[in-house]
Each structure stands twice: as structure tokens, then as C-alpha cells.
Amino acid sequence: QMCIRDSFWETLLTLLDEGSVIPIVGQELSVNAAGQNWHREIARLLATELKVPAEELPPEGATLNDVCSAYFRRGATRRTEIYTRLAMLAKRLDFQASPALRQLASIRAFKLFVTTSFDPLLAQALDAERYAGAAPQTEVLAFAPRATPVDLSGAARDLTRPVVFHLFGRLAPTDSYAVTEEDLVEFFHKLHSDTIRPKRLFDELRDSNLLIIGNGFPDWLARFLIRLAKSERILAERSKYEYLVASPSPDNRSLLAFLRSFSRETQFFEAHDPSVFIAELHRRWVERHPEAAGTAAARPVASHDVSLAGPAPTGADMLDGAIFLSYGSENRPVCDRMRETLDRAGMEVWFDRQQLQGGDSWDQKIRRNIQHCSLFLPLISREICLRREGYFRLEWRLARERMQRMASDRVFIMPCLIDDSPEAASEAAREFPEIQHLQVPGGTLDAAQIDRIRLHFRHAQRREIAG
């Protein structure tokens, strides 16, 4: 139990009302109602997947860094396989966000959230609290050292919907997110690059008060995080504050001594469980804003309210490097069948389940997903050949445009003929000339076709990693 003066809460709530507080959320909040940590659970699954002996791991429970370190000590050299396996293992976790994460998401004074975790729980908690679990509305951005630079579109105060910015990458089949401490060092290094760093985001962090909560980093990494957020020397005086909520570990005692000496603007609160701090903040915010009592933001959090079982497969929320299935609405059952087959074969697949025809926001999502997929599989049938107009034709054009920028030996588009009609064969030849197609009657892939798709899927990921 923490003893914090009422004057502190009053100051923090006033800053919240001014819109000048940005939460920086860490892995300690990626838990369910039973207290299980998402990252610890997936570390356990990964240890089994990689056949890492239990005696080589800490007896109190291994982190992902522990599992990967033990794996590398055993002579493993295929580092990039870890990230693909984690993306697949995430599907096994039937995880629901803790009340603490739901409460933090429900405080509508927060518009911009920064997370140092790669899991999808924060964005899904925001959608559940603010949009009653409807189609994903939260904008999700992620920094990655070798990806196209990503930044905020404008000032945080002008945001019309919540934004989650993954500072150290988000879950994907490629190594575009930080799993180990060595990954974190690389991310910190790249985040200081003037060419790819998210400048608008760092400007917002510099000019805002920061609530750093649930970030269980080692002492030295926590110091780098605070330095990164300040965008200037830690010792430099500034008019904004950092509120650091962390457990009273030996690392944090050393960090506290450091901050007391060099960062008077950082206030440190020891909490064995950061949810205690969040619960009190949420209670006081609701009391201050009683009009929120009748909204989803203030209703009691039920354990069955929303399932957070890894990346949402619907809407525009696609993992970078996934396979894009392009289809006409007439062929939805076939598309479902192919997705299930590829999913069972260990490949991440995305398609537009909602079939929203038009609209600037949705159009931008589709364009973005085509630019970030590993393979593009257009499903071609006699039925869609009869349609001279359709959104799938725009998808085909965008895929062809992207392919023109690729090396000539890169396999990106793999047309799939889902019937044996001459119309489908003619359409494939006209729309995708000189590209070998797959004959997939009814969407049934045979073993050789699955192996072929998997081969090009893996090659595309390796090129992305190397490039």
C-alpha cells in the first residue's frame, strides 16, 4: 500500500485535465486478472518450443531474455527464428487484460500512450474500454530500426482517437521488435538517429509530464529510457516532471539514488504492484469527472468482458510481414479455408474480413497493409472475372505497383486460381502476366503448394531482416 499525499494527486489530476501527461507503459502491466504476465507465459512456451532445459533457466520464472540467452549459449545461430515463433506462439495465449490496464485505458484524458512492450494488450484494452469492443479504432504505431520511419501525424492534443506508440517495436513475424536486452541496446542506439527517430513523438515527450509505470527494466536501461524521453541531459533543468512508479527492487534502489542526484524533476514511487497506483488514479479521476460514470470507461471490469488473445486478426490490424489474401466477396468461404490452412502451417495471414468498400481511413489501412505484407495472394475465380469493378482490383493494382520496385528475383505475388474455368486462367494471365499461378480448386492447398508458399514467406522475411 502506498502513502501518497492528496496534494500530489491533485497536481497530477490537474495536469491530466490540461492534457499534458503521457503514460509510458511497460511489461509489468501486461497481466491478466489472475496475475499471470503475458511475457512470462510466452517465455514459458518459447522455452518448450526451443527445447531449453529448465535447469538452465531461473527457478523463479524465466523472462524472454533468459530463454533466448540460454538458447544462444547452447550454440544456436538462427536468431531470427525466435521472432517468427513468438508471433505464432502468441496465438496460443487466451489472455484477458488486467483490470489495471483497463482502468488506465479508460482514463480519457490520456490520448497518447507510449509502450515499451511489444504485446497487443494495451491497444486492445483501449478498444474495449472506449469503443465497447467494436472493430479496432485505436491507432497503433511502432518504431523498428530497419523499417520505414514512423511518427505521429500531429500534436497529441489534436488527436481524435487514442494512439499507442510501441517504442521498441510490436509483435510481428520478423525481428522488428525487442525481445532481448541486446535488442533493446540496438533500439536505443537507433532511436538516437536523426534520420529515423520519431521526432514528433520525442517532441511530445519532451514537452509533457510523463507517467512511467510498469517498466521493469534493469537500472542501466531505465536511465537510458529517462534520458531518451527527456531529449536532453538528465541533469538539465526542465519545467516538466517524470512520475516513475516501480517496484522496490535492488535495481530500483540504485536508480532512485541516481535520480535524486541528477534528476530532481523525477518523482519515484515504490509500488510492489503498480495496479495499486493505477486503481487510485482511476478512482480519483472518476470522482473528478462523474459524467464518465455512465460510460464504458467507468463501468466495472468483468473478467469475461473482452478476450485479448494476441494480435487481433480482424479489421486493419495486420502484423508486418503477414501474407495478404485478396478476394472478392463471392469467394469469402474459399478465403477462410485457405487462411485456416496457412495458419495451421505456421504462417501469419491477413485479409479484409469487413469488406468495407471505400472511405479514406479504410483505404489508407489497406494500402499500408499491402506495403508491409510478405506475400500477396490474389484469389481468382470465374465469379469475380464477371465483375469489372471491385475493391479487390485496387488491391491488385497496388500489389503490382509495389512489385515493380522489387528485385526481379523476388517472389511477391502468387495468383491463386480457385476454379478451373478458362475465364479465371485468362484473368490471371491478363492481370498478372509472366507470374506463375497456383491451381487451388476450392481453396484446397496440397502439401507441395503449402511448402512453396512457406518457402517464399520465409525468404521474404529474411530479405526484410537483412534489408
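The values are calculated or read from the model by the stated rules, or taken from the named source; none is laboratory data. Quick caveat: nothing in here was measured; it's all calculated off a predicted structure. No Cβ is skipped: glycine too gets one built from the backbone with ideal geometry, and neighbour counts run over all protein chains shown. The accessibility values were calculated without ligands, DNA or RNA, using every heavy atom of the protein model including side chains. Shrake-Rupley method; radii C 1.70, N 1.55, O 1.52, S 1.80 Å.
The table for this structure:
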item: P(r), alpha carbons of segment 3-67 - 5 Å bins starting at zero, rounded %; result: 4, 14, 17, 13, 12, 10, 8, 9, 7, 6, 1
item: Rg to Rh, two decimals, where segment 378-422 supplies the alpha carbon set and Rh follows Kirkwood; result: 1.03
item: Two-site label geometry, Asp420 and Arg344: point separation in nm, points 7 Å out along Cα→Cβ; result: 2.3
item: Stretch gain in nm, segment Ser7-Arg452, where the contour uses 0.36 nm per residue and the Cα spacing is subtracted; result: 153.8 nm
item: Rg and Dmax [Cα atoms of segment 97-155; Å; Rg one decimal, Dmax integer]; result: 12.4, 35
item: For segment 346-462, convex hull volume per residue from C-alpha positions, Å³; result: 119
item: Pair Glu383, Asp409: separation of 7 Å Cα→Cβ label points (nm); result: 4.0
item: Probe 1.4 Å, accessible area per residue of the chain, Å²; result: 45
item: Rounded D (µm²/s) - segment 413-462, Kirkwood Rh over Cα pairs, Stokes-Einstein at 37 °C, 0.692 mPa s; result: 281
item: Normalised convex hull volume, segment 29-169, alpha-carbon set, Å³ per residue; result: 124
item: Modelled FRET efficiency - R0 45 Å, Tyr131 with Phe262, Cβ distances, 0.05 increments; result: 0.60
item: Rounded Å value of the spacing that divides the Cα centres of segment 143-171 and segment 1-69; result: 21
item: Viscosity 0.692 mPa s, 37 °C: Kirkwood-radius Stokes-Einstein D of segment 56-134 over Cα pairs, µm²/s; result: 215
item: Cubic angstrom per residue, convex hull over Cα atoms of the chain; result: 154
item: Segment 107-212: equivalent-ellipsoid semi-axes (sqrt of 5 x gyration tensor eigenvalues, Cα, Å); result: 23, 17, 12
item: Lysines whose Cα lies under 27 Å from that of Lys91, excluding same-chain neighbours fewer than 8 positions away; result: Lys51, Lys365
item: Accessible surface of the chain, 1.4 Å probe, proportion on carbon and sulfur as whole %; result: 49
item: Exposed-site-free run, longest, the chain (rule: GluC sites (Glu not before Pro); DSSP loop; at most 12 other C-beta within 10 Å); result: 61-231
item: FRET efficiency for Glu60 and Lys190, using Cβ-Cβ distance with R0 set to 25 Å, rounded to 0.05; result: 0.20
item: Nearest 10 degrees, 0 to 90: helix 447-466 Cα axis against the chain principal axis; result: 50
item: Taking the chain and dividing mean pair separation by its residue count, relative contact order in percent (alpha carbons under 8 Å, at least six apart); result: 15
